[in-house]
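Before any comments, here is the structure.
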Amino acid sequence: MSPLSNRTFPRVEPGVSLMSLLARGSRPRKSEPRRHHHRLEIESLEGNEYPVLAMPDTVVFPNLVTPLFISRDRSLRAVEAAEAVEGPLLVVAQRNAEAADPDLTDLYTIGTAVEVGRVLRMPDGSTTVLVQGIERVRIVDVVETEPYLRVLGVPLYEDERHDMASEALMRAVLALFEKLVDLDANVPEDAYVAAMNEKDPGGLADLLAHVLNLELEKRQELLETLDANTRLQKLSIMLGQELDVLELESRIQTQVQQEMDKSQREYYLREQLRAIQTELGEDDDTKREVKELREKLAAAGMPDEVKARAEKEITRLGTMSSMSPDATIVQTYLEVLLELPWKHATEDNLDLGRAEQILERNHYGLPKVKERVLEHIAVRKLAQEKMKSPILCFVGPPGTGKTSLGKSIAEALGRKFVRLSLGGVHDEAEIRGHRRTYIGSLPGRIIQTMRNAGAINPLFMLDEVDKLGLDFRGDPAAALLEVLDPEQNHAFSDHYLEVPYDLSKVLFITTANILDPIPPALRDRMEVIEFPGYIEEEKLAIARQFLIPRQLEAHGLKPETVQFGDASLRAMIREYTFEAGVRNFERAIANVCRKIARRVAEGKAAPGRITPATVSKFLGPPQYSEWLANEVDDIGVANGLAWTEAGGDVMQVEVALVVGKGSLTLTGQLGEVMQESAQAALTYARAHADDFGLGELDFDKIDLHIHVPEGGIPKDGPSAGVTMAAALISALTEQPLRHDVAMTGEITLRGRVLPIGGLKEKLMAAHRMRLKTVFIPKRNEKDLADVPRNVQRDLELIRVDHVDEILARALVQDEAPTARPKRNLAKRQVEAETNQAETAAPAAA
């Protein structure tokens, strides 16, 4: 018989489950000393053979009874082999719990030798084995793998010293474990009793590791720690972490219970209060509120569908307690519903003369916009009931008067003016509102603005419609489709109201700086009216009529004491502002007025007339210089025209040639379309090399570099095609281009010049920079109707169909166009090849 057969197992009483036995951490009686057979001790020195039972989620500790649940045939054969020889079984935890047939690499190297006590067959085919740990064993080698895993193992013995450090650690661990037992209902109290009676440090550490709900890796770490004091230190850290979690969980449960008790108490008290108020007759306040709401409902003029919904909510409010949270929600909903204008409308003033006078008084220029507004008033006068309100979209650079014109239109029509800024709106609920199921829900900004307007037909301005955002919360631009569609907005649906609201009588005006960001479906619903940038003369007139009087009044100055000359105003426009509107121009005027106001307030002499020298003194050095004034004709430099949000700009295109390998370099933050234009221009130049006297030029031996200055600004678009072609050909032929000439147009591989957009803004930029000649596509001639006459008068506008027409007049014809360029480029290529050959000859030698 095996020497291990002398060990005794605790007797399992009837009705006592294996799990409860595990929780108690049953241990062998201390009165029975551990006995080792002489042969076993010799084998312990050389190693013993053990059948292996691999457990995916269990670690067994020495001297403790543990039930093991087995379902694998291979594991069952290992148990049967241990029973057959009445020998120990080695229980080892798996590193990979998902391995169905683990080998030695899937197991930890240290396990526990156990004695099989009882084997129970379950009805579902599984087997439960009750085992008792004996000692730790390290696996040394594999003996065999079939029919079960059998290994050679060496027992591991721990240092059983019991000193003062061990006693202190045991007391600390027991104190922590006592707190854990109080907080964790899953740990039985008799586990603490067993722990208190454990006198061995290693035994206490194994017992607590067995009882605690630790992860497999932490259990294995404790099993592999042979020093008892070290094991207790690790266990104290784990106990502390578990206590922190349990204390936080207990605190949360306590708070939740207190809140529940508070809610139940409040409900009980409310019911008592309601009963007392009923007895005292104090519920008359609720009845009075309901009566007032019914009176407002009768005077609101709501449609039948909306009125029925409001009546239902009022009836519901009457049955609620005034202290109920739902009562506040219903009351807020009814207030919004009753304060909305359902039938009240202001009367339109259809006097065309008065409207025209107001528009001319408040705004300079903008003839197309004013004409469209007067047309609307005229049609309203003739067919007021049949006409639907238009949806206008004012598009133009900042500072051109889009928002202020909306206010003037409202004044001309006699309507109320309301404004809603859409810049940065990302949430669709900002337009349609939140449903009432959410705490703190409100109607959308459309309904809120209508509530503030107090009339069903205001002039509603939606500012910055091109700045709408889009993210995971929805697309507000899509929500605006219903608002800005005359065929749908008579029954606008807000999530908060949940009833249709009529927006068809509202005059909507939207504003934007550019049209590109606006979705096509939304753009299709609006009538676009473009606001052009102001030319210099228009800015002077606006300053005289509006800006200067407003700033003089704002700064407490009298018009007769301060006068701005035309020269000073032009200096501000040219040297201190760079914009299509007048916003910065007005700031410059305000800056000058502040300087004068300070001198007047200090009692010092103030200039009565503002001159360019005064402007320079007050505003400092010029911010924008006239860069074209001192330029000369140059080779490979052409002036192009660009459209920007500020109106328009003049940009230069520079081309440089160096001896190389035929590469093309593009710099200046050019977009894909602009890069393709450069490729097309180069292809045209190479295809017509003979026409430009470049027949002997080998393009594969030169590198071309095209650069557009101001590299910090992204640039794109096809309109710089002819500019790049002219600069390329100028650099290749070494003929300078006129510095007072600008050009715009898209180029094809055949050299044709195609039409472009933004012609008006580009020509105004050329006029502002005082250029003399501008080449434009012939097919853009129709767009000249929008260009101010003084701009057309000051500029020489040449309509072209082919790039050759531009080259014929833009290139400076000071000598034969082909002799010098052809000779110089060919000569440089020959010199470069000679130098390369001379450099290579010594290397070959």
Of all residues making up segment 161-197, the number that are in contact with a Lys or Arg (Cβ under 8 Å, 6 or more places away or on another chain) and either of a type in the set (G, A, S) or open to solvent by less than 30 Å² (accessible area, probe 1.4 Å) (or both):
2
Considering only segment 121-144, state which residues are in contact (Cβ under 8 Å) with a residue 24 or more places away in the chain, open to solvent by 10 Å² or more (accessible area, probe 1.4 Å) and farther than 24 Å from E224 by Cβ.
G125, S126, L130
Any residue at all in segment 602-610 that is in a strand (DSSP E or B) and touching a Phe, Trp or Tyr at 6+ places or on another chain (Cβ under 9 Å)?
yes
Looking only at segment 308-338, how many residues end up being more than 14 Å from K287 (Cα to Cα) and part of a loop (DSSP other than H, G, I, E, B)?
2
Just checking, which of Q384, Q448 is within 22 Å of S504 (Cβ to Cβ), at pLDDT below 90, open to solvent by 40 Å² or more (accessible area, probe 1.4 Å) and not β-branched (V, I, T)?
Q384
State which residue is most open to solvent (accessible area, probe 1.4 Å) when the search covers only segment 776-802 and only residues that are part of a helix (DSSP H, G or I) and either within 14 Å of T744 (Cβ to Cβ) or among the acidic types (D, E) (or both).
R779
Take E347 and decide whether it is within 30 Å of V499 (Cα to Cα), part of a loop (DSSP other than H, G, I, E, B) and open to solvent by 70 Å² or more (accessible area, probe 1.4 Å).
yes
Based on what the data block shows, is F531 open to solvent by less than 50 Å² (accessible area, probe 1.4 Å), aromatic (F, W, Y), under 35 Å from the mean Cα position of the chain (by Cα) and closer than 21 Å to E761 by Cα?
yes
When residues of segment 739-775 are limited to those that are part of a helix (DSSP H, G or I) and not charged (D, E, K, R), the one nearest to D649 (Cα to Cα):
A765
Look through P559, P549 and report the one residue that is touching a Pro at 6+ places or on another chain (Cβ under 9 Å) and modelled with pLDDT of 90 or more.
P549
Right, A766: in contact with a helix residue (DSSP H, G or I) (Cβ under 8 Å, 6 or more places away or on another chain) and crowded, with 20+ Cβ neighbours inside 10 Å or not?
no
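Report the residue count in segment 64-97 for those that are assigned to a loop (DSSP other than H, G, I, E, B), without any contact (Cβ under 8 Å) to a residue 40 or more places away in the chain and either under 15 Å from G125 (Cβ atoms) or over 60 Å from the mean Cα position of the chain (by Cα) (or both).
Residues meeting the conditions: 1.
The values are calculated or read from the model by the stated rules, or taken from the named source; none is laboratory data. It should be emphasised that the depicted structure is a prediction, and the values quoted were computed from it without experimental measurement. Using ideal geometry, Cβ is built from the backbone for each residue, glycine included, and neighbour counts are taken over all protein chains shown. Calculation scope for accessible area: heavy atoms of the full protein, side chains included, ligands and nucleic acids excluded. Shrake-Rupley method; radii C 1.70, N 1.55, O 1.52, S 1.80 Å.
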